[in-house]
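Here the structure comes first, spelled out in structure tokens, and everything after it is commentary.
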Amino acid sequence: MLPYRLTGYAIISDDDCIADADGNMPTVLMNEADWRYFQAGLDRAALVLIGRHGHEAHPNPPHRRRLVLTSTVEGFVRDPAEQGVGEVYRVNPAVVPLAEALARLVRPGAEVAVPGGRLVFDACLELGFDAFHLARKRGARLKNGVKIFTTCQIGTRPETVLADHGLAPAETIALDPVARVDLVVHRRLVAGG
């Protein structure tokens, strides 16, 4: 059991994609209700764990601490402070294990929000998510898009991947009924519960 809690956040298309073929967030997945829910989750967390592409696409707000998974650094480093940007650290998990980097940055019991991308989600599956907030935009399809988890590339549904890693649907929220955006919160199953 990890000393911190990992909480994933994603919005996906009907074909289980988080990004278009170029790795970018497409407008078809953008939804204001989902964005507000997502941002509130990141604000509650002690740390945000994100991939390099997502980090570069979305500057870090001053009030947030961020750990960027990347192969462009040797080990674990803190980015030099930039005006108006919160604390940013980078880790190359091939050099410093992700669990070790997280333990350096968060106290026991703290929450780590994980907005992806796919390789970050895959790494956190192995560590063990405590919860995953999975929103789906009904009617959206992204031909040749980036699937949420690597195993989804062979047809495995994300709900199955989460179940295979000990998470079960716990609650459903209609984030935006008009835009057909629903969210299911998957939580870690508790032994004996």
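The values are calculated or read from the model by the stated rules, or taken from the named source; none is laboratory data. This one's a predicted model, so the numbers in the text were calculated from it and none came from an experiment. Quick reminder, even Gly has a Cβ in these numbers, built from the backbone with ideal geometry, and neighbours come from all protein chains shown. Each accessible area value is taken on the protein alone, full model and side chains, heavy atoms only, with ligands, DNA and RNA left out. Shrake-Rupley method; radii C 1.70, N 1.55, O 1.52, S 1.80 Å.
Could you identify the single residue in 53, 63 that is modelled with pLDDT under 95, out of contact with any Phe, Trp or Tyr (no Cβ under 9 Å at 6 or more places or on another chain), outside any helix (DSSP H, G or I) and not hydroxyl-bearing (Ser, Thr, Tyr)?
63
I'd like to check something: does the range 147-158 contain any residue that is closer than 20 Å to residue 27 by Cα, open to solvent by less than 10 Å² (accessible area, probe 1.4 Å) and not basic (Lys, Arg)?
yes
Would you check which residues across the range 23-40 are of a type in the set (Gly, Ala, Ser) and surrounded by 15 or more Cβ atoms within 10 Å (Cβ to Cβ) and list them?
The answer is 23, 33.
Would the range 107-115 turn up any residue that is touching a His at 6+ places or on another chain (Cβ under 9 Å), in contact (Cβ under 8 Å) with a residue 24 or more places away in the chain and within 22 Å of residue 36 (Cα to Cα)?
yes
Which residues, counting only those in the range 80-93, are in a loop (DSSP other than H, G, I, E, B) and open to solvent by less than 30 Å² (accessible area, probe 1.4 Å)?
86, 92
Here are some residues: 163, 191, 179, 170. Which one is farther than 22 Å from residue 127 by Cα and either of a type outside the set (Val, Ile, Thr) or modelled with pLDDT under 95 (or both)?
179
Of these, 112, 96, which one is in a loop (DSSP other than H, G, I, E, B) and either within 28 Å of residue 65 (Cα to Cα) or open to solvent by 10 Å² or more (accessible area, probe 1.4 Å) (or both)?
None of the others qualify; the one that does is 96.
Can you tell me which residue among 20, 43, 14 is surrounded by fewer than 20 Cβ atoms within 10 Å (Cβ to Cβ), charged (D, E, K, R), under 27 Å from residue 159 (Cβ atoms) and in contact with a Lys or Arg (Cβ under 6 Å, 6 or more places away or on another chain)?
Values: 20 fails: in contact with a Lys or Arg (Cβ under 6 Å, 6 or more places away or on another chain); 43 fails: in contact with a Lys or Arg (Cβ under 6 Å, 6 or more places away or on another chain).
Of 20, 43, 14, the one residue that is surrounded by fewer than 20 Cβ atoms within 10 Å (Cβ to Cβ), charged (D, E, K, R), under 27 Å from residue 159 (Cβ atoms) and in contact with a Lys or Arg (Cβ under 6 Å, 6 or more places away or on another chain) is 14.
When you go through (1) open to solvent by less than 60 Å² (accessible area, probe 1.4 Å); (2) within 18 Å of residue 68 (Cα to Cα) one by one for residue 167, which number turns out not to apply?
Failed condition: (2).
Which residue out of 175, 162, 125 is within 23 Å of residue 42 (Cα to Cα) and either assigned to a strand (DSSP E or B) or open to solvent by 40 Å² or more (accessible area, probe 1.4 Å) (or both)? Steps first, answer last, please.
Working: 162 fails: either assigned to a strand (DSSP E or B) or open to solvent by 40 Å² or more (accessible area, probe 1.4 Å) (or both); 125 fails: either assigned to a strand (DSSP E or B) or open to solvent by 40 Å² or more (accessible area, probe 1.4 Å) (or both).
That would be 175, the only listed residue that is within 23 Å of residue 42 (Cα to Cα) and either assigned to a strand (DSSP E or B) or open to solvent by 40 Å² or more (accessible area, probe 1.4 Å) (or both).
Looking at (1) surrounded by 21 or more Cβ atoms within 10 Å (Cβ to Cβ); (2) in contact with an Asp or Glu (Cβ under 7 Å, 6 or more places away or on another chain), which one does residue 138 not meet, given that it meets all the others?
(1)
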